1. Of 270, 31, 105, which is farthest on the positive side of the dipole of the chain, counting Cα position, with +1 on Lys and Arg Cβ, -1 on Asp and Glu Cβ, and the Cα centre as origin?
2. What Rg and what Dmax come out for segment 312-376 when only alpha-carbon atoms are used, in angstroms?
3. When the helices in the chain are scored as -39500 (n - 2.57) per DSSP H run of 4 or longer and the sum is shared across all residues, what 222 nm value do you end up with, to the nearest 500 deg cm²/dmol?
4. Taking R0 as 45 Å, what FRET efficiency do you get between residue 191 and residue 146 from their Cβ-Cβ distance, rounded to the nearest 0.05?
5. Hey, could you get me the Stokes-Einstein D for the chain, Kirkwood radius over alpha-carbon pairs, 4 °C and 1.567 mPa s, rounded to whole µm² s⁻¹?
6. Quick one: 3J(HN,Hα) in Hz for segment 94-102, Karplus 6.51/-1.76/1.60 with θ = phi - 60°, rounded, Gly and Pro as x.
7. Past 22 Å, Cα to Cα, is the threshold; run 305/374; 62/366; 62/328; 167/366; 54/301; 302/374 against it and keep the listed order.
8. Relative to the longest principal axis of the chain, what angle (0 to 90°, nearest 10) does the C-alpha long axis of helix 294-306 take?
Amino acid sequence: MTIANLQNIRRELHRIPELGFQEYKTQAYLIKQINLIANDRTLIQEWKTGILVKIKGTNPSKTIGYRCDIDGLPITEDTGFSFRSSHEGRMHACGHDFHMTIALGSLQRIIEEPIQDDVVFIFQPAEEGPGGALPMMQSEEFNTWRPDCIFALHIAPELPVGTVSSKSGLLFANTSELFLDFVGKGGHAAYPHLTKDMSVAAGAFISQIQEIISRGIDPLDSAVLTIGKMESGHVQNAIAETARLEGTIRTLRPDTIHVVKRRLESIIRGFEINYDCSIGIDYGANYYQVYNEKNYVDLFKKAMKDEGLSYHEANKAMTGEDFGYMLKEIPGFMFWLGVESPFGLHHNKLQPNEDALTIGVRAVTKMIHELSSKNDDME
Ligand SMILES: CC(=O)N[C@@H](CCC[C@H](N)C(=O)O)C(=O)O
């Protein structure tokens, strides 16, 4: 795949972002591209809106897995790109268009120059939610070609093009989505005493729950509680009967997420009494931490140096990734790829530099070669 092709593919994918498990156009597009480069050593399986592609090795003793995510976000794009999203209210604001393009480019390289071991490329749906990794891993399709080791990348807007970054141990946090539905009693804005105002309750609730982090969590541990969306009421002169808060919980330790949830639930009980309302809670999708195996990160560091790329030691981050579920069972690692954007992940102006596409293909292909030439047992 030439550089121009990579750029075209990225732009075509950028135009059609779809939410988790609705990636129908994306899947069809990927299958079309995969069929263009497939040969008689290439096998393809579909799983829901995802795809698994296996390239048979010349003398395999193991299967190397490479995973990318394929879904977009419910964000309205504001980049002004000529190739901006054609799907209203949807955007590839987390770089999954880059992730897919780099996977396709690397897939082509491995098809053209087969290696000793089998390689499985995993195009996984629903990373942003509700989580595709866990159900995909439980599928027959995945287990037929279950990899012995696995890795993945994520774009990093704050890093320059030409750099990659990772660390051994914890890279990404444990996460849980959070959806809260407040139900009180509406009425005329001039008669608040006859109502149960859910705008007031939800506003107070947002302030109160911040104390869970500052007073409920060991300062040497770390947790985040973010409410990213708040909705209540219908009109300026009526009391809001309902309110909905949507957010996310992030913790460094797997157990701490349960501490946050228990404290949230006790605050909810108090609010139900104080505000004479009911509050429904739904934790949505929960992701396990991304924990990198040291041996794989060490090998990656060396491989990237040999490839002439600049390696930065990463800090752990409170981002989440359902790839953590794959790493929980299969040894491997995840790394950041520098794409130098003035706007960050999940921003409606995210502008990753397309020069990073070829860097990504080089990094992934080099690592696959490196894994194939290593001992079968890296533990
Ligand atoms: C890399 C990244 O940005 N991942 C997402 C994962 C979303 C998890 C889930 N929807 C949640 O919000 O808890 C992230 O927001 O970190």
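1. 105
2. 14.6, 44
3. After summing the helix terms and dividing by the residues of the chain, the value is -11000 deg cm²/dmol.
4. 0.10
5. 59
6. Rounded to whole hertz, the list is 10, x, 5, 5, 5, 4, 5, 5, 5.
7. 54/301
8. 60
Each value in this text was obtained by applying a stated rule to the coordinates, not by laboratory testing. Note that this is a predicted model, so its numbers are computed, not measured. Heads up, the Cβs are rebuilt from the backbone with ideal geometry, glycines too, and the neighbour counts pull from every protein chain shown.
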